[in-house]
1. Report, to the nearest 10°, how far helix 2-21 tilts away from the longest principal axis of the Cα atoms in the chain, using its own Cα long axis and a range of 0 to 90°.
2. Figure the gain on full extension for VAL61 and ASP84 (residue separation times 0.36 nm, minus the Cα-Cα span) and round it to one decimal in nm.
3. Taking only C-alpha pairs under 8 Å that are 6+ residues apart, what is the relative contact order of the chain in percent?
4. What's the angle, to the nearest 10 degrees (0 to 90), between helix 66-99's Cα axis and the longest principal axis of the chain?
5. Provide the per residue accessible area, probe 1.4 Å, for the chain, rounded to a whole number of square angstrom.
6. Work out the charge dipole of the chain with +1 on the Cβ of Lys and Arg and -1 on the Cβ of Asp and Glu about the Cα centre, then indicate which of MET1, ALA19, LEU94 is farthest towards its positive end.
7. Based only on Cα atoms, what Rg/Rh ratio does the chain have, Rh being taken as Kirkwood's radius?
8. If exposed GluC sites (Glu not before Pro) are those in a DSSP loop with at most 11 other Cβ within 10 Å, what is the longest stretch of the chain that has none?
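The values are calculated or read from the model by the stated rules, or taken from the named source; none is laboratory data. Since this is a predicted model, take the numbers as computed values, not measurements. Neighbour counts run over all protein chains shown; Cβ positions are idealised from the backbone, glycine included. In case anyone asks, the SASA skips ligands and DNA or RNA and just uses the protein heavy atoms, side chains included. Shrake-Rupley method; radii C 1.70, N 1.55, O 1.52, S 1.80 Å.
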Amino acid sequence: MFWFLLIAMVVVVAAVTMAVVGGGDRTVLPETAPQRLIDPLPETRPVSRADIDAVRLPVAVRGYRMADVDDVLSRLGAELAERDARIADLEAGLAGARAG
């Protein structure tokens with residue numbers, strides 16, 4: 001039994017050593033270019049629900065790229081602020097028209 005375990009351990013160590021050292025010049029995974037955010041949010045019209053659904057943030061090693069997420073969120077925040085201001089202007093105009 002002892003000899004069997006010793007031989008099995010030698011075979012396992014040899015296999016692991018060959019796998020690590022004997023890999024040659026080949027890499028296990030090919031190098032890939034880092035993903036970059038392609039901003040699908042329109043510049044010429046207000047953002048719609050379909051535009052937001054089309055946003056795909058590139059994945060980094062530890063999750064999403066913070067700069068890309070910040071860019072998209074700041075853009076959406078600006079759009080929402082612009083819409084809120086427009087709604088407030090229209091409601092003020094409607095209230096003025098009803099009062100007058």
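1. 50 degrees
2. 4.6 nm
3. Working: 29 pairs, mean separation 17.3, N = 100.
Once divided by the residue count of the chain, the mean separation gives 17 percent.
4. 20 degrees
5. On a per-residue basis, the chain sits at 88 Å².
6. Comparing the listed Cα positions along the dipole, MET1 ranks first.
7. Values: Rg = 29.5 Å, Rh = 19.8 Å.
Value, to two decimals: 1.49.
8. The longest uninterrupted stretch comes out as 44-100.
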